[in-house]
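Shown next, in structure tokens, is the structure this report addresses.
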Amino acid sequence: MTATLELGALEAGLDEAVSGITGGWHSVCPVEDLEIAWGEAALVAGRQIALFRTGATEVFAVAHEDPATGAHVMARGILGSRGERPTIASPLHKEVYDIETGECFSTPGLTIATFRTRISDGMVEVEL
């Protein structure tokens, strides 16, 4: 699946996307639109987010921008784990981040923005 999901016109209306409102929860897409163990990029209130579904009702969200390079590629990252901690590795230089906290395991000082998610009535919501 390679489609980019866009919140602006789909759920919150074009006015919200244009005005750049970012506070609160934003409905992004049906959870069933996300393939397990596969990333998708979404435009949420004007911000590029990478979404990862890791289970039937578990979705993680991080910034789509790679902290090391500035390229918007994190949705193509590689899911994994360090012990019990779920991770995402950059598809470019393979820096490994804790997908829950944003901490970088491989390069001290790097972090990736993480966002809370929830599923409500079958829809993935992200808090910005």
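The values are calculated or read from the model by the stated rules, or taken from the named source; none is laboratory data. Quick caveat, the model's predicted, so the values are computed rather than measured. As a convention, Cβ positions derive from the backbone with ideal geometry for all residues, glycine included, and neighbour counts pool all protein chains shown. Heads up: the accessible areas ignore ligands, DNA and RNA and are worked out on the full protein's heavy atoms, side chains in. Shrake-Rupley method; radii C 1.70, N 1.55, O 1.52, S 1.80 Å.
See the values below:
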| quantity | calculated |
| --- | --- |
| Hits in segment 55-86 - residues which are of a type in the set (Ser, Thr, Tyr) and touching a Ser or Thr at 6+ places or on another chain (Cβ under 7 Å) | 81 |
| First in segment 35-46 and over 12 Å from residue 60 (Cβ atoms) and touching a residue at least 40 places away in the same chain (Cβ under 8 Å), second anywhere and open to solvent by 10 Å² or more (accessible area, probe 1.4 Å) and aliphatic (A, V, I, L, M), Cβ under 8 Å, 6 or more apart | 42/5; 44/128; 45/12; 45/17; 45/21; 45/128 |
| Residues that are in contact with a Gly (Cβ under 7 Å, 6 or more places away or on another chain) and assigned to a strand (DSSP E or B), drawn from segment 22-35 | 30 |
| Exclusive hit being among the charged types (D, E, K, R) and either modelled with pLDDT under 95 or surrounded by fewer than 20 Cβ atoms within 10 Å (Cβ to Cβ) (or both), set 53, 76 | 76 |
| Meets criteria (more than 13 Å from the chain's Cα centre (by Cα), open to solvent by less than 20 Å² (accessible area, probe 1.4 Å) and modelled with pLDDT of 95 or more) for residue 29 | no |
| Residues that are open to solvent by 40 Å² or more (accessible area, probe 1.4 Å), acidic (Asp, Glu) and in a loop (DSSP other than H, G, I, E, B), drawn from segment 82-128 | 84, 100, 121 |
